[in-house]
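**Q** Below is one structure. I have some questions about it.
The values are calculated or read from the model by the stated rules, or taken from the named source; none is laboratory data. As the structure is a computational prediction, the values presented were derived from the model and not from experiment. Because the Cβ atoms are built from the backbone with ideal geometry, glycine has one as well, and the counts that use them run over all protein chains shown. What goes into the accessible areas is simple: the full protein's heavy atoms, side chains included, and nothing from ligands, DNA or RNA. Shrake-Rupley method; radii C 1.70, N 1.55, O 1.52, S 1.80 Å.
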There are 2 protein chains.
Amino acid sequence: MTKASDRAYDTIRAMILSGELSAGDALGEEALAERCGVSRTPIRDALRRLESDLLIRRTGTQRSFVSDWSLGDVGDAFELRAMLEGYAARRAAEAMTEDVLTQLRACNAAIGAAISGKKPDITTFLDRNREFHALVLDTAGSRRLTNLLTALIEQPVVWRTAHHYSHEAFQRSHSEHNDLLSAFERRDGAWAETVMAGHIRRAFHAYCDAHKGMTEGERGVA
Amino acid sequence: MTKASDRAYDTIRAMILSGELSAGDALGEEALAERCGVSRTPIRDALRRLESDLLIRRTGTQRSFVSDWSLGDVGDAFELRAMLEGYAARRAAEAMTEDVLTQLRACNAAIGAAISGKKPDITTFLDRNREFHALVLDTAGSRRLTNLLTALIEQPVVWRTAHHYSHEAFQRSHSEHNDLLSAFERRDGAWAETVMAGHIRRAFHAYCDAHKGMTEGERGVA
DNA sequence: CTTTCGCAAATTGTATACAATAAAGCCTTC
DNA sequence: GAAGGCTTTATTGTATACAATTTGCGAAAG
């Protein structure tokens, strides 16, 4: 979107995720405006976006507070993602074309290369992983579905988790993508759906494992 | 929310649904401001809401247009609703309390009364139906899920459909709610899920039937 | 006739001032 | 000492002015 509005959104989001603002803190528009170096107008836009991300919560009189997230809430998000992204995989399998297959294969090959070394290239992994899932979502061809899922995938807490993945976790993710490709090649929607759902669920448990020993600060939102 | 912002939202929404604005039409902020009798500021808020409702679409440079909805898109929305609201019913069944059960029974009794006469009280039916589904959603106890589903349930096109329901369609809906109550009483999550999914799917076909012979104008969004 | 460059008009983004409203503190009263 | 209402203060809602950007038209060159 626009410059100031984006800066405000990113700044506030970073403040929430870094723990600079903790759960329950009040977010006054004027204070945020001063903090971000912009006026209240773009702040209001940013707050709308953060609200739809569920990173902030608003009272009946539109006062804003930082949301508090329990592990159960994160689990909810993953479960919904598993369901919706599984459905997306099913639809994608049924609408799969050779062209998209080629792109998906290239994508996963890049993922394989990024994690093959001793020190995995996490940025490339995340980018290509995102691209892979976006391709599937596009192929599913439902604007509604895309709309719902982006809100779930944009969960910023989740992306940081990859930095704590083990070598095996990366390999498993890569291998599951290959399974998905097999399902897509056969146009087997049911298979694709179950593989994708399992893929997301495994990611949730990887998240749980990675956060078991983490401190409050590292974990981001409490 | 606030007065002017709400008025703007309702006015624009009504213009889209009534066909006064047709699919693809450009929505200039200034023109809308004049039309709604408010300034551009609340219009911008309203456009955000309409965008998240998918009633309008925005280009990369934030220009707004009325969304065009095909029957397939509406079908998508119903399918997603069936999946998510089915999941909500499952969770609700597992977390069901006697208190909520009592409220649900009262709700469905009111629905039964509203449609028992020769001339059904459609407003009461819609209100109580909405209340019934909202209770289930609350009992499911997932903010994420509530967030996702409200966007789908708020589909305004759907509500008008009830005005074309047959007597049998109302009775079936009422009866399916009773089935749901049975599933809830037994805390049978799987049963509740399948009943709810079927309930929504039936509603979709009722929608299709009702719109078969309708003119473009009556149908609202194309 | 087509294409491209540039200017003008329209549209959205941002800032600021002011109005309306809700939260909070204080005083009064029982 | 507690409770209720009033005043004060803080916060959000709205309007308007201005800046930045985009779009579309038109003229000139190939």
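**Q** May I ask you to verify whether A:ARG7 is open to solvent by 50 Å² or more (accessible area, probe 1.4 Å) and either within 16 Å of DNA strand D (Cβ to nearest atom) or not in a helix (DSSP H, G or I) (or both)?
**A** yes
**Q** Still on this model: Take the range A:124-174 and flag every residue that is in contact with a Pro (Cβ under 8 Å, 6 or more places away or on another chain) and modelled with pLDDT of 90 or more.
**A** Answer for the range A:124-174, where residues must be in contact with a Pro (Cβ under 8 Å, 6 or more places away or on another chain) and modelled with pLDDT of 90 or more: just A:PHE170.
**Q** Condition first: open to solvent by 60 Å² or more (accessible area, probe 1.4 Å), outside any helix (DSSP H, G or I) and modelled with pLDDT under 95. Now tell me which residues in the range B:178-221 satisfy that.
**A** Those that are open to solvent by 60 Å² or more (accessible area, probe 1.4 Å), outside any helix (DSSP H, G or I) and modelled with pLDDT under 95: B:GLY213, B:THR215.
**Q** Another one. Would you check which residues across the range B:12-57 are within 13 Å of DNA strand D (Cβ to nearest atom), in a helix (DSSP H, G or I) and open to solvent by less than 40 Å² (accessible area, probe 1.4 Å) and list them?
**A** The answer is B:GLU29, B:LEU32, B:ALA33, B:CYS36, B:PRO42, B:ILE43, B:ASP45, B:ALA46, B:LEU47, B:ARG48.
**Q** Determine, yes or no, whether B:ALA162 is over 28 Å from A:ARG144 (Cα atoms) and assigned to a helix (DSSP H, G or I).
**A** So B:ALA162 fails the test.
**Q** If I filter the range B:53-65 for residues that are basic (Lys, Arg) and touching a residue at least 40 places away in the same chain (Cβ under 8 Å), do I get at least one hit?
**A** Step one: filter the range B:53-65 for residues basic (Lys, Arg), giving B:57-58, B:63.
Subsequent filtering for residues that are touching a residue at least 40 places away in the same chain (Cβ under 8 Å) retains none.
No; the residues of the range B:53-65 include none that is basic (Lys, Arg) and touching a residue at least 40 places away in the same chain (Cβ under 8 Å).
**Q** Can you find a residue that is in contact (Cβ under 8 Å) with a residue 60 or more places away in the chain and not assigned by TED's automatic domain parsing to the domain that holds A:ALA23 anywhere in the range A:112-135? Break it down stepwise before answering.
**A** Narrowing the range A:112-135 to residues in contact (Cβ under 8 Å) with a residue 60 or more places away in the chain: A:112.
Now narrow it down to the ones that are not assigned by TED's automatic domain parsing to the domain that holds A:ALA23: A:112.
Yes; the residues of the range A:112-135 include at least one that is in contact (Cβ under 8 Å) with a residue 60 or more places away in the chain and not assigned by TED's automatic domain parsing to the domain that holds A:ALA23.
**Q** I need a count of the residues in the range A:61-120 that are part of a helix (DSSP H, G or I), loosely packed, with under 15 Cβ neighbours inside 10 Å and within 11 Å of another protein chain (Cβ to nearest Cβ).
**A** 1
**Q** Starting from residues that are over 22 Å from A:LEU47 (Cβ atoms) and away from chain A (no Cβ under 11 Å), keep the ones in the range B:33-60 and report whichever is nearest to DNA strand C (Cβ to nearest atom).
**A** Here the residue is B:THR59.
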